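Heads up: the structure comes next, in structure tokens.
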Amino acid sequence: MQKLKDAAVSVRVLARAGIIRPYGPVKLVRLVRTVVAWGTGPAGGFASLAVRHPDRVGLVDEIGELTFGEMHRRSNALARALAERGVGEGDSVAVMCRNHRGFIDASIGAAKLGADLLYLNTAFAGPQLVDVLEREKPTVVVHDEEFTDLLADAHDAKRVLAWTDAEAPAGVDTLEQLIASVSDDEVTPPTRHARVVILTSGTTGTPKGAPRKEAGIPAAVALLSRMPLHFGWRTHIAAPLFHTWGFAHFALAMLLGSTVVLRRRFDPEECLRVLEEERCESAVVIPVMLQRMLALPAETLDRYRLPSLEVVASSGSALPGGLATTWMDRFGDNLYSIYGSTEVAWASIAMPDDLRRDPSTAGRPPHATVVKILDEAGKEVPPGEPGRIFVGNHLLFEGYTGGGHKEVLDGLMSSGDVGRLAESGLLYVDGRDDDMIVSGGENVFPKEVEDCLAQHPAVVEVAAIGVEDDDFGKRLRAFVVVDGEVEEDDLKDHVKAHLARYKVPKEIVFLDELPRNATGKVLKRELTEGG
């Protein structure tokens with residue numbers, strides 16, 4: 001009975017998104033054969049789009065446009081060229097690229113060989129890269145020219161340049177050279193489908209690899225059940241493609257036939273300009289991008305109305321303070337906030353009406369997703385009570401590539417966070433389960449204090465960490481970026497007026513900017529070391 005209900009929901013969601021659509025019998029047969037041969041990952045997803053809509057524009061970047069047919073032929077050629085360089089089924093191809101066609105070419109081309117895709121964070125330091133590549137041992141590393149020196153001491157794999165600002169050095173392969181060097185005729189499908197390995201953020205040490213097989217239709221249905229994306233939309237993916245959230249929309253583009261609009265670097269006004277000039281119906285961002293756009297001068301913001309924009313999909317970290325309502329008051333009720341992690345993917349989605357009701361909520365679980373709050377003994381706690389967040393869905397990862405796994409209880413995986421489910425069914429995330437400090441015998445989560453400080457009109461960005469305290473064991477130290485004149489005592493008084501006295505930071509440090517990684521997460525380790 002449950003399977004029938006799930007099937008009915010899937011049909012309804014896919015029809016609403018415009019994915020279920022009529023095709024002629026010849027095209028339908030070709031489409032089925034393509035999916036059976038290539039699967040639903042990058043290889044099969046884009047090969048099927050080349051069958052369905054070969055002349056539709058599939059990608060727009062700083063170089064120009066590519067149709068789905070052109071993307072298919074380019075990846076055929078690249079697959080052949082990579083095979084000539086030793087890449088085969090079960091091997092690994094590492095990709096360290098910003099958001100441009102090279103990332104897409106490398107992903108589809110390697111997947112057509114049955115090789116796994118290892119996505120490297122463009123903000124990793126040299127030692128992190130050395131550790132990751134030594135552990136994963138890719139056959140080829142595809143990277144932008146700017147990362148050449150960073151990769152100099154890393155694992156001895158063949159190198160291919162994806163983006164060059166000038167002519168490539170003699171003897172160095174580039175993607176464009178490889179694509180032009182061989183035939184772009186159809187290639188033979190591999191016997192295995194590629195896995196995608198997304199790395200954790202590495203904010204507390206060497207990044208871990210979290211592999212996933214093809215997620216398929218159920219994962220898309222879950223997301224689309226609470227986010228009204230539609231077939232054929234133009235989608236600006238501003239979030240890094242190597243991150244779980246950016247990659248999720250790269251994967252969705254295969255199903256939705258989206259025109260993916262990319263820019264190599266995020267700039268707040270450029271992002272608004274791209275959304276308006278490219279007539280994008282959806283945008284994929286991380287919260288700090290929203291913050292930086294809204295921090296632009298009012299006269300700059302007034303130049304952009306974004307009339308086409310229907311969905312702003314934000315994930316990667318919590319929306320601070322009143323950011324959600326500030327965005328929606330200016331650009332309309334189009335903001336969707338997704339809570340999850342590299343290991344569990346999306347666990348809950350806050351829709352605009354949820355965020356209007358309470359901007360601090362993480363929303364509700366989407367279709368076929370279970371979220372439970374468990375105590376230390378693994379027992380479910382009553383509504384409103386805090387505990388550890390556990391998630392069950394179609395996207396749970398398979399265990400880290402270097403060994404180890406997240407805790408799993410009764411088929412549900414720990415997200416690593418602490419939170420609570422309200423009587424209304426809305427989820428609230430209090431913070432990382434290892435972030436909590438005990439101050440004077442009271443439990444304090446830095447996120448609560450961060451949200452409070454973020455509500456102060458002078459505070460642009462904020463982060464808080466636990467520090468040792470002779471009297472209380474631990475107290476909070478906050479780091480803020482401000483716009484305007486404000487004193488430390490003013491900010492302490494603001495916290496005191498809204499939270500318990502023991503939650504007031506012991507000190508507040510003013511910074512020009514917070515240290516962040518490429519996915520916008522604050523590097524609290526650096527704050528601890530610097531403090």
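Conditions tested, residue by residue: (1) surrounded by fewer than 22 Cβ atoms within 10 Å (Cβ to Cβ); (2) touching a Phe, Trp or Tyr at 6+ places or on another chain (Cβ under 6 Å); (3) outside the structural domain of MET71 (by TED's automatic domain parsing); (4) among the aromatic types (Phe, Trp, Tyr).
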site	(1), (2), (3), (4)
PRO169	yes, no, no, no
ALA180	yes, no, no, no
ASP184	yes, no, no, no
LEU229	no, no, yes, no
ALA238	no, yes, yes, no
TRP245	no, no, yes, yes
ALA248	no, no, yes, no
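Against the conditions (1) over 17 Å from ARG388 (Cβ atoms); (2) outside the structural domain of LEU319 (by TED's automatic domain parsing); (3) of a type in the set (A, V, I, L, M, F, W, C), LEU426 satisfies every one except (2). Is it true that GLU385 is among the charged types (D, E, K, R) and in contact with an Asp or Glu (Cβ under 6 Å, 6 or more places away or on another chain)? Criteria not met by GLU385. Among residues of the range 104-119 that are in contact (Cβ under 8 Å) with a residue 60 or more places away in the chain, those with a beta-carbon under 7 Å from a residue that is among the hydroxyl-bearing types (Ser, Thr, Tyr) and outside any helix (DSSP H, G or I) at least six positions away or on a different chain give the pairs GLY114/THR191; ALA115/SER92; ASP116/SER92; LEU118/SER92.
One residue stands out in the range 414-425 among those that are crowded, with 18+ Cβ neighbours inside 10 Å and more than 22 Å from the chain's Cα centre (by Cα): the one that is nearest to ARG357 (Cα to Cα), namely LEU421.
Quickly run through the range 136-161 and pick out the residues that are charged (D, E, K, R) and under 23 Å from SER181 (Cα atoms).
Keep residues of the range 136-161 that are charged (D, E, K, R), which gives 136-137, 144-146, 149, 153, 156, 158-159.
Result: ASP144, GLU145, LYS158, ARG159.
Checking GLY316 against (1) out of contact with any strand residue (DSSP E or B) (no Cβ under 9 Å at 6 or more places or on another chain); (2) crowded, with 21+ Cβ neighbours inside 10 Å; (3) farther than 19 Å from GLY58 by Cα: exactly one of these is not met. Which one? Against the list (1) out of contact with any strand residue (DSSP E or B) (no Cβ under 9 Å at 6 or more places or on another chain); (2) crowded, with 21+ Cβ neighbours inside 10 Å; (3) farther than 19 Å from GLY58 by Cα, GLY316 comes up short only on (1).
Of all residues in the range 309-349, those satisfying the criterion of being in contact (Cβ under 8 Å) with a residue 60 or more places away in the chain and over 15 Å from ASP417 (Cβ atoms) are GLU310, VAL311, ALA313, PRO320, GLY321, GLY322, LEU323, TYR336, ILE349.
Checked against (1) touching a residue at least 12 places away in the same chain (Cβ under 8 Å); (2) surrounded by fewer than 20 Cβ atoms within 10 Å (Cβ to Cβ); (3) not in a loop (DSSP other than H, G, I, E, B), LEU491 passes all but a single condition, namely (2).
The rows are residues; the columns are (1) of a type in the set (Val, Ile, Thr); (2) assigned to a loop (DSSP other than H, G, I, E, B); (3) touching a helix residue (DSSP H, G or I) at 6+ places or on another chain (Cβ under 9 Å); (4) buried (at least 23 other Cβ atoms within 10 Å of the Cβ).
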| residue | (1), (2), (3), (4) |
| --- | --- |
| LEU255 | no, no, yes, no |
| ARG264 | no, yes, no, no |
| GLU269 | no, no, yes, no |
| VAL274 | yes, no, no, no |
| ARG279 | no, yes, no, no |
| ARG292 | no, no, yes, no |
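Anything in the range 380-404 that is over 21 Å from ARG420 (Cα atoms), modelled with pLDDT of 80 or more and either among the hydroxyl-bearing types (Ser, Thr, Tyr) or exposed (fewer than 13 other Cβ atoms within 10 Å of the Cβ) (or both)? List them, or say none. TYR400, THR401 - these are the residues of the range 380-404 that are over 21 Å from ARG420 (Cα atoms), modelled with pLDDT of 80 or more and either among the hydroxyl-bearing types (Ser, Thr, Tyr) or exposed (fewer than 13 other Cβ atoms within 10 Å of the Cβ) (or both). Counting only residues that are in a loop (DSSP other than H, G, I, E, B), modelled with pLDDT under 75 and under 25 Å from ILE373 (Cβ atoms), the range 437-466 holds 1 of them.
The values are calculated or read from the model by the stated rules, or taken from the named source; none is laboratory data. Note that the structure is predicted; figures quoted are calculated from it, not measured. Here the Cβ is made from the backbone with ideal geometry for all residues, glycine too, and neighbour counts use every protein chain on show.
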